[in-house]
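Reading through the structure tokens given below for one structure.
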């Protein structure tokens, strides 16, 4: 175990480099959120289309019964159609992805509120409730500015995520270099 920790400590510079690159990428996403949003939308569309085609091929290659074949056919057609719509109608697809993201943040916030309330009076439960409330409030605000926010929200969220992850990698790298715990 200590041998693998020593090996990890020797490569602290790589973690630092990844963290710096992620922060630079996140900053770039802030400067071009529309382009980042479109790029992600196209990637999601391609994954849906390819996954749908694979399911359609599976209809003819599977040894499963007709129930499974019908499931593959319906899901394959749906995923292929959704992927092609995302690829050929990128702005509408971006609006749909943004709406899904806003709803996901809202539901996540509601779940965190419920978990935090159920965990009372445990230490930290107040922070869970606070985080859930912030998620709910932010998602409600985003719904008031939807669909205008659709063109940049995905890119901005990617930027925030990359910067946060990059900061975590940098902190981890310095913890490895200085042989200190990086626990929060």
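The values are calculated or read from the model by the stated rules, or taken from the named source; none is laboratory data. Every value quoted in this text rests on a predicted model; they were computed, and no experiment measured them. With ideal geometry, Cβ positions are generated from the backbone for all residues, glycine too; neighbour counts draw on all protein chains shown.
Name every residue in the stretch 50-67 that is part of a helix (DSSP H, G or I) and touching a helix residue (DSSP H, G or I) at 6+ places or on another chain (Cβ under 9 Å), in order of residue number. Selection gives 50, 51, 52, 53, 54, 55, 56, 57, 58, 59, 60.
Has the stretch 72-88 got at least one residue that is touching a residue at least 60 places away in the same chain (Cβ under 8 Å), within 21 Å of residue 157 (Cα to Cα) and surrounded by 13 or more Cβ atoms within 10 Å (Cβ to Cβ)? Walk me through it before giving the result.
Just the residues of the stretch 72-88 that are touching a residue at least 60 places away in the same chain (Cβ under 8 Å), to begin with: none.
Scanning the stretch 72-88, I find no residue that is touching a residue at least 60 places away in the same chain (Cβ under 8 Å), within 21 Å of residue 157 (Cα to Cα) and surrounded by 13 or more Cβ atoms within 10 Å (Cβ to Cβ), so the answer is no.
Candidates 47, 15, 30: the one that is part of a helix (DSSP H, G or I), modelled with pLDDT of 95 or more and either out of contact with any strand residue (DSSP E or B) (no Cβ under 8 Å at 6 or more places or on another chain) or over 21 Å from residue 159 (Cβ atoms) (or both) is 47.
Taken over the stretch 130-153, residues that are out of contact with any helix residue (DSSP H, G or I) (no Cβ under 7 Å at 6 or more places or on another chain) and farther than 23 Å from residue 37 by Cβ amount to 1.
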